[in-house]
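One structure is given here, and the rest of the page talks about it.
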Amino acid sequence: MKFLEVDSLDLINTAFLWETSECILTGRVEAYSCKSAGTDKKLFKTLENRYNADLLAPGSISPDELQVISPFGRLTEAAPRKTFFYLLATLNAAFPEHDFEDVRPDQFLKLPSVEMVMNSVNTTLFNLGNDVIVNRYRLWDVLDEIVQLNDCDVYTYNPDVDDDPMNEEEGYLWSMNYFFFNRKLKRMIFFSCKSESMNAPIAEEEGLNDNDDDDDTDMNENGEKSRRYQDEFLMDDME
(Lines give C-alpha, C1' and ligand atoms only; values in the text may rest on other atoms or scores of the structure.)
Protein backbone atom coordinates (compact mmCIF):
# COMPACT_ATOMS: atom_id res chain seq x y z
CA MET A 1 0.00 0.00 0.00
CA LYS A 2 1.29 3.46 -0.85
CA PHE A 3 0.62 6.20 1.69
CA LEU A 4 -0.87 9.28 0.03
CA GLU A 5 0.14 12.73 1.23
CA VAL A 6 -3.05 14.82 1.42
CA ASP A 7 -2.86 18.31 2.92
CA SER A 8 -6.53 18.39 3.86
CA LEU A 9 -6.12 15.14 5.82
CA ASP A 10 -3.09 16.57 7.61
CA LEU A 11 -5.27 19.48 8.72
CA ILE A 12 -8.01 17.14 9.95
CA ASN A 13 -5.48 15.10 11.89
CA THR A 14 -4.35 18.16 13.84
CA ALA A 15 -7.80 18.16 15.49
CA PHE A 16 -7.71 14.45 16.31
CA LEU A 17 -6.38 14.88 19.86
CA TRP A 18 -8.70 16.17 22.55
CA GLU A 19 -9.88 15.51 26.08
CA THR A 20 -13.14 15.19 27.95
CA SER A 21 -13.56 15.13 31.71
CA GLU A 22 -13.11 11.35 31.68
CA CYS A 23 -10.92 10.38 28.75
CA ILE A 24 -8.25 11.32 26.23
CA LEU A 25 -9.14 10.73 22.59
CA THR A 26 -6.80 10.33 19.67
CA GLY A 27 -7.43 9.47 16.06
CA ARG A 28 -6.24 9.75 12.50
CA VAL A 29 -7.43 9.52 8.92
CA GLU A 30 -5.04 8.20 6.28
CA ALA A 31 -5.31 7.63 2.54
CA TYR A 32 -3.63 4.79 0.66
CA SER A 33 -3.28 3.73 -2.92
CA CYS A 34 -3.61 -0.02 -3.40
CA LYS A 35 -0.27 -0.29 -5.17
CA SER A 36 1.70 -3.22 -3.87
CA ALA A 37 5.08 -2.60 -2.33
CA GLY A 38 7.66 -5.32 -1.72
CA THR A 39 6.21 -6.35 1.65
CA ASP A 40 2.68 -6.31 0.19
CA LYS A 41 3.68 -8.73 -2.56
CA LYS A 42 5.12 -11.10 0.04
CA LEU A 43 1.91 -10.90 2.10
CA PHE A 44 -0.27 -11.52 -0.96
CA LYS A 45 1.79 -14.55 -1.96
CA THR A 46 1.57 -15.93 1.59
CA LEU A 47 -2.22 -15.53 1.67
CA GLU A 48 -2.70 -17.04 -1.76
CA ASN A 49 -0.60 -20.06 -0.85
CA ARG A 50 -2.51 -20.48 2.41
CA TYR A 51 -5.96 -20.39 0.86
CA ASN A 52 -5.02 -22.49 -2.13
CA ALA A 53 -3.40 -25.12 0.09
CA ASP A 54 -5.74 -25.16 3.08
CA LEU A 55 -9.15 -23.93 2.02
CA LEU A 56 -9.36 -25.22 -1.52
CA ALA A 57 -7.97 -28.69 -0.85
CA PRO A 58 -10.33 -31.70 -1.00
CA GLY A 59 -12.22 -32.12 2.25
CA SER A 60 -11.48 -28.58 3.42
CA ILE A 61 -14.00 -25.79 4.05
CA SER A 62 -16.74 -25.78 1.43
CA PRO A 63 -17.58 -22.72 -0.72
CA ASP A 64 -20.87 -22.33 1.17
CA GLU A 65 -19.03 -22.25 4.49
CA LEU A 66 -16.56 -19.74 3.10
CA GLN A 67 -19.44 -17.49 2.09
CA VAL A 68 -20.76 -17.54 5.65
CA ILE A 69 -17.52 -16.74 7.45
CA SER A 70 -16.19 -14.14 5.00
CA PRO A 71 -17.58 -10.60 4.78
CA PHE A 72 -15.89 -10.25 1.39
CA GLY A 73 -17.70 -13.05 -0.44
CA ARG A 74 -16.52 -16.49 -1.44
CA LEU A 75 -12.84 -16.84 -0.68
CA THR A 76 -12.65 -19.40 -3.46
CA GLU A 77 -12.83 -16.38 -5.78
CA ALA A 78 -9.94 -14.02 -6.47
CA ALA A 79 -11.73 -10.68 -5.93
CA PRO A 80 -12.83 -11.35 -2.31
CA ARG A 81 -9.36 -12.63 -1.43
CA LYS A 82 -7.86 -9.47 -2.94
CA THR A 83 -10.16 -7.30 -0.80
CA PHE A 84 -9.08 -9.22 2.29
CA PHE A 85 -5.45 -8.70 1.29
CA TYR A 86 -5.94 -4.94 0.84
CA LEU A 87 -7.38 -4.62 4.36
CA LEU A 88 -4.48 -6.55 5.90
CA ALA A 89 -1.97 -4.54 3.91
CA THR A 90 -3.61 -1.31 5.12
CA LEU A 91 -3.32 -2.46 8.74
CA ASN A 92 0.33 -3.35 8.19
CA ALA A 93 0.96 0.11 6.74
CA ALA A 94 -0.96 1.89 9.50
CA PHE A 95 0.69 -0.11 12.31
CA PRO A 96 4.16 -1.05 10.99
CA GLU A 97 5.22 -2.39 14.39
CA HIS A 98 2.57 -5.14 14.11
CA ASP A 99 2.14 -8.08 11.74
CA PHE A 100 -1.44 -8.80 10.65
CA GLU A 101 -0.67 -11.80 8.49
CA ASP A 102 -2.63 -14.16 10.76
CA VAL A 103 -5.77 -12.03 11.07
CA ARG A 104 -8.86 -14.05 10.18
CA PRO A 105 -11.50 -12.95 7.63
CA ASP A 106 -14.22 -13.19 10.29
CA GLN A 107 -12.48 -10.47 12.29
CA PHE A 108 -13.76 -7.99 9.73
CA LEU A 109 -17.33 -6.84 9.29
CA LYS A 110 -18.80 -5.29 6.15
CA LEU A 111 -21.16 -2.47 7.11
CA PRO A 112 -24.51 -1.88 5.40
CA SER A 113 -23.90 1.64 4.12
CA VAL A 114 -21.56 4.61 4.09
CA GLU A 115 -24.38 6.80 5.43
CA MET A 116 -24.74 4.64 8.54
CA VAL A 117 -21.02 4.97 9.29
CA MET A 118 -21.06 8.71 8.69
CA ASN A 119 -23.97 9.18 11.08
CA SER A 120 -22.35 6.99 13.73
CA VAL A 121 -19.01 8.80 13.52
CA ASN A 122 -20.71 12.19 13.60
CA THR A 123 -22.77 11.21 16.64
CA THR A 124 -19.69 9.93 18.48
CA LEU A 125 -17.56 12.98 17.71
CA PHE A 126 -20.35 15.43 18.58
CA ASN A 127 -21.20 13.66 21.83
CA LEU A 128 -17.53 13.72 22.82
CA GLY A 129 -17.22 17.43 22.14
CA ASN A 130 -15.38 17.49 18.82
CA ASP A 131 -17.52 18.77 15.97
CA VAL A 132 -14.57 20.68 14.46
CA ILE A 133 -13.43 17.69 12.42
CA VAL A 134 -16.80 17.39 10.71
CA ASN A 135 -17.98 20.99 10.51
CA ARG A 136 -14.85 23.14 10.19
CA TYR A 137 -12.50 20.72 8.46
CA ARG A 138 -15.22 19.07 6.30
CA LEU A 139 -14.24 15.48 7.05
CA TRP A 140 -16.74 13.84 4.72
CA ASP A 141 -16.23 16.29 1.84
CA VAL A 142 -12.50 15.65 2.01
CA LEU A 143 -12.95 11.87 2.05
CA ASP A 144 -15.41 12.07 -0.82
CA GLU A 145 -12.86 13.95 -2.90
CA ILE A 146 -10.32 11.20 -2.29
CA VAL A 147 -12.35 7.99 -2.59
CA GLN A 148 -15.86 8.95 -3.81
CA LEU A 149 -17.72 7.65 -0.76
CA ASN A 150 -20.86 6.55 -2.60
CA ASP A 151 -18.76 4.03 -4.53
CA CYS A 152 -17.04 2.63 -1.43
CA ASP A 153 -17.52 -0.53 0.56
CA VAL A 154 -16.97 0.06 4.28
CA TYR A 155 -15.44 -2.47 6.67
CA THR A 156 -14.56 -2.44 10.34
CA TYR A 157 -11.98 -4.53 12.16
CA ASN A 158 -12.87 -6.31 15.42
CA PRO A 159 -9.62 -7.83 16.70
CA ASP A 160 -9.18 -10.27 19.52
CA VAL A 161 -8.09 -8.49 22.71
CA ASP A 162 -4.51 -9.74 22.53
CA ASP A 163 -4.19 -8.70 18.87
CA ASP A 164 -5.71 -5.23 19.16
CA PRO A 165 -3.04 -2.70 18.06
CA MET A 166 -4.90 0.02 19.96
CA ASN A 167 -4.78 -1.85 23.26
CA GLU A 168 -1.15 -1.29 24.17
CA GLU A 169 -1.30 0.99 27.18
CA GLU A 170 -2.96 1.05 30.58
CA GLY A 171 -6.29 2.84 30.48
CA TYR A 172 -7.46 1.77 27.02
CA LEU A 173 -11.26 1.97 26.88
CA TRP A 174 -12.47 1.53 23.32
CA SER A 175 -11.61 2.14 19.70
CA MET A 176 -13.36 2.38 16.38
CA ASN A 177 -11.83 1.90 12.97
CA TYR A 178 -13.18 1.93 9.44
CA PHE A 179 -11.88 1.15 5.98
CA PHE A 180 -13.47 2.99 3.06
CA PHE A 181 -12.49 0.99 -0.01
CA ASN A 182 -13.11 2.14 -3.58
CA ARG A 183 -12.43 -0.88 -5.73
CA LYS A 184 -12.47 1.02 -9.03
CA LEU A 185 -10.08 3.73 -7.89
CA LYS A 186 -8.02 1.21 -5.92
CA ARG A 187 -7.89 3.58 -2.97
CA MET A 188 -8.40 3.06 0.73
CA ILE A 189 -9.18 5.44 3.58
CA PHE A 190 -8.32 4.23 7.07
CA PHE A 191 -10.17 6.02 9.87
CA SER A 192 -9.43 5.26 13.52
CA CYS A 193 -10.15 6.76 16.91
CA LYS A 194 -9.47 5.47 20.41
CA SER A 195 -10.29 6.49 23.96
CA GLU A 196 -8.05 6.16 27.01
CA SER A 197 -9.04 6.81 30.60
CA MET A 198 -7.91 10.03 32.27
CA ASN A 199 -7.59 8.00 35.47
CA ALA A 200 -5.20 5.36 34.16
CA PRO A 201 -2.60 4.43 36.80
CA ILE A 202 0.97 5.53 36.12
CA ALA A 203 3.51 2.81 36.86
CA GLU A 204 6.56 3.76 38.92
CA GLU A 205 9.92 3.20 37.28
CA GLU A 206 11.22 0.95 40.05
CA GLY A 207 9.81 -1.19 42.81
CA LEU A 208 6.46 -1.86 41.14
CA ASN A 209 5.31 -5.47 41.36
CA ASP A 210 2.05 -5.88 39.50
CA ASN A 211 -0.11 -8.95 39.89
CA ASP A 212 -0.19 -10.71 36.53
CA ASP A 213 -3.69 -12.04 37.10
CA ASP A 214 -4.96 -8.54 37.79
CA ASP A 215 -3.31 -7.29 34.60
CA ASP A 216 -5.00 -10.04 32.60
CA THR A 217 -8.33 -9.20 34.17
CA ASP A 218 -7.93 -5.50 33.37
CA MET A 219 -6.96 -6.29 29.82
CA ASN A 220 -9.94 -8.55 29.31
CA GLU A 221 -12.28 -5.99 30.83
CA ASN A 222 -10.89 -3.26 28.59
CA GLY A 223 -11.17 -5.51 25.59
CA GLU A 224 -14.76 -6.35 26.43
CA LYS A 225 -15.55 -2.65 26.82
CA SER A 226 -14.12 -2.03 23.37
CA ARG A 227 -16.08 -4.86 21.77
CA ARG A 228 -19.31 -3.93 23.57
CA TYR A 229 -18.87 -0.31 22.54
CA GLN A 230 -18.45 -1.20 18.89
CA ASP A 231 -21.33 -3.67 18.91
CA GLU A 232 -23.70 -1.17 20.52
CA PHE A 233 -22.33 1.60 18.30
CA LEU A 234 -23.18 -0.35 15.15
CA MET A 235 -26.41 -2.02 16.24
CA ASP A 236 -28.01 1.30 17.20
CA ASP A 237 -27.56 2.53 13.65
CA MET A 238 -28.60 -0.74 12.03
CA GLU A 239 -31.90 -0.49 13.90
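The values are calculated or read from the model by the stated rules, or taken from the named source; none is laboratory data. Small disclaimer: the values here were computed from a predicted structure and weren't measured. Quick reminder, even Gly has a Cβ in these numbers, built from the backbone with ideal geometry, and neighbours come from all protein chains shown. Just the protein is used for accessible areas: all its heavy atoms, side chains included, with ligands, DNA and RNA removed. Shrake-Rupley method; radii C 1.70, N 1.55, O 1.52, S 1.80 Å.
Full-extension gain between V161 and S21, please, as 0.36 nm times their residue separation minus the C-alpha to C-alpha distance.
47.8 nm
Grab the beta carbon distance between K82 and D10, set R0 = 30 Å, and tell me the FRET efficiency rounded to 0.05. Walk me through the numbers on the way to the answer.
Values: r = 29 Å, r/R0 = 0.97.
Computed FRET efficiency for K82 and D10 comes out at 0.55.
Students often check this: by mean Cβ neighbours within 10 Å, which of 103-114, 175-186 ranks highest, and how do the rest follow?
Working: 103-114: 15.6, 175-186: 19.1.
Averaged packing, sorted descending, gives the order 175-186, 103-114.
In nm, what is the difference between 0.36 nm times the number of residues separating K186 and F3 and their Cα-Cα distance? Present the calculation step by step, with values, prior to reporting the outcome.
Details: separation 183, 0.36 × 183 = 65.88 nm, distance 1.25 nm.
Extra length from K186 to F3 when fully extended: 64.6 nm.
According to the square roots a ≥ b ≥ c of the eigenvalues of the Cα gyration tensor, what is the shape class of the stretch 66-180, taking rounded for a/c under 1.5, prolate for a/b larger than b/c otherwise, and oblate for the remainder? Working shown, then result.
Values: a/c = 1.97, a/b = 1.27, b/c = 1.56.
Since a/c reaches 1.5 but b/c is at least a/b, the shape of the stretch 66-180 is classed as oblate.
Could you check how much of the accessible area of the stretch 2-197 is carbon and sulfur, as a whole percent, using a 1.4 Å probe?
Working: 4490 of 9430 Å².
Carbon plus sulfur share of accessible area: 48 percent.
Leaving ligands and nucleic acids out of the surface, order D40, D141, D162 by accessible area at 1.4 Å, largest first. If you can, show how the numbers build up before the last one.
Working: D40 10, D141 85, D162 125 Å².
Greatest to least solvent exposure: D162, D141, D40.
Points 7 angstrom from Cα along the Cβ direction at T39 and R74: gap in nanometres?
Going by the 7 Å Cα→Cβ label model, 3.4 nm.
I'd like the accessible area for D160: 1.4 Å probe, protein heavy atoms, all chains in place, Å² to the nearest 10.
60 Å²
Report the accessible area of E115, computed with a 1.4 Å probe over the heavy atoms of all protein chains in place, in Å² rounded to the nearest 10.
Surface accessible to solvent at E115 totals approximately 100 Å².
Before I look further, what does the stretch 2-197 give for accessible area per residue, probe 1.4 Å, in whole square angstrom? Don't skip to the answer; put the middle values down first.
Details: 9430 Å² over 196 residues.
Heavy-atom SASA per residue in the stretch 2-197 reads 48 Å².
So for the pair T46, V132, with labels modelled 7 Å out along Cα→Cβ, what separation do we get in nm?
Between T46 and V132, the simple spin-label model gives 3.9 nm.
Below 21 Å, Cα to Cα, which lysines can K194 reach? Residues fewer than 8 away in the same chain don't count.
Excluding near neighbours in sequence, the set is K110, K225.
Can you give the log10 of the normalised intensity I(q)/I(0) at q = 0.08, 0.12, 0.18 Å⁻¹, computed with Debye over equal Cα scatterers of the stretch 2-197?
Values returned for q = 0.08, 0.12, 0.18 Å⁻¹ are -0.28, -0.63, -1.33.
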